[in-house]
Amino acid sequence: MKIRAILLATSLISSSAFASNINFDYVEAGYATISFDDSRFDPKGVGLKFSKQLEEKFLIKASYIVTTDSDDNDDYELSQLYAGFGYLTYLEEDKIIEVSPYFGKLKTEIEYSYSGGIDKSSYDATIYGLEANYHFAFNKALNMLVGVGYEHLDFEYLSEDNAVYQVQLNYTFAENFTLNFAHRNANDYKNTGLNIRYNF
């Protein structure tokens with residue numbers, strides 16, 4: 001119900017009286033954080049993303065995030081890698097639905113320091129996901145993404161399924177450059193990023 005209300009509101013706000021600034025050909029980099037509900041760590045780091053539209057209705061995309069945190073005794077590193085492709089449906093020039101399956105990897109490494117020395121442990125998870133994103137433009141400079149999805153995670157000894165939602169606000173401040181704020185919630189973990197994008 002909430003998603004339906006958001007889509008209705010944004011369709012009323014956005015207008016097709018201008019050329020759309022929605023672009024699927026870009027590289028971006030920025031500041032990234034990840035948070036867990038039941039963790040004492042709050043890692044921060046950098047995120048990279050790439051997208052390329054192959055034809056009018058198809059695209060490929062990938063992203064990589066690496067974050068770190070530490071306390072008096074432990075060092076923590078979490079990396080996230082995602083790759084997938086998308087199918088685009090144009091409702092109007094400035095209203096586009098993207099459906100994207102993707103594959104991903106999560107890797108966690110923890111280094112423990114104690115009086116007897118140092119120990120290390122690592123944990124990996126494989127991700128299979130599907131997301132549906134609605135892209136729409138408010139004007140020539142400002143556009144937004146809202147999306148929902150499903151994610152299946154396979155750990156070494158267990159698996160779990162998560163609902164996913166995400167929002168992203170893009171502001172094009174120069175011909176080839178966009179600043180964006182992005183938030184993604186996958187139930188067990190949340191990603192937030194502030195990025196600069198080069199559109200080619």
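Only residues that are modelled with pLDDT of 95 or more and over 22 Å from Met144 (Cβ atoms): list them for the stretch 13-53, please. Across the stretch 13-53, the qualifying residues are Lys44, Gly45, Val46.
A count restricted to the stretch 72-98 and to residues that are open to solvent by less than 20 Å² (accessible area, probe 1.4 Å), of a type in the set (D, E, K, R) and more than 15 Å from Val146 (Cα to Cα) stands at 1.
Out of Phe103, Phe173, Phe200, one residue alone is free of Cβ contacts under 8 Å to residues at least 60 places away in the same chain and either closer than 19 Å to Ala62 by Cα or within 13 Å of the chain's Cα centre (by Cα) (or both). It is Phe103. Would you confirm, using the coordinates I've provided, whether Val164 is touching a residue at least 24 places away in the same chain (Cβ under 8 Å), open to solvent by 20 Å² or more (accessible area, probe 1.4 Å) and not polar (S, T, N, Q)? Against the criterion (touching a residue at least 24 places away in the same chain (Cβ under 8 Å), open to solvent by 20 Å² or more (accessible area, probe 1.4 Å) and not polar (S, T, N, Q)), Val164 does not qualify. Among the residues of the stretch 110-125, are any in contact (Cβ under 8 Å) with a residue 60 or more places away in the chain, outside any loop (DSSP other than H, G, I, E, B) and surrounded by fewer than 14 Cβ atoms within 10 Å (Cβ to Cβ)? Within the stretch 110-125, not a single residue is in contact (Cβ under 8 Å) with a residue 60 or more places away in the chain, outside any loop (DSSP other than H, G, I, E, B) and surrounded by fewer than 14 Cβ atoms within 10 Å (Cβ to Cβ). Entry remark, the stretch 32-87: residues being part of a strand (DSSP E or B) and closer than 23 Å to Ile110 by Cα number 27 in total.
The values are calculated or read from the model by the stated rules, or taken from the named source; none is laboratory data. All values derive from a computational prediction rather than experimental measurement. Glycine also receives a Cβ, built like all others from the backbone with ideal geometry; neighbour counts cover every protein chain displayed. Side chains included, ligands, DNA and RNA excluded: accessible areas come from the protein's heavy atoms. Shrake-Rupley method; radii C 1.70, N 1.55, O 1.52, S 1.80 Å.
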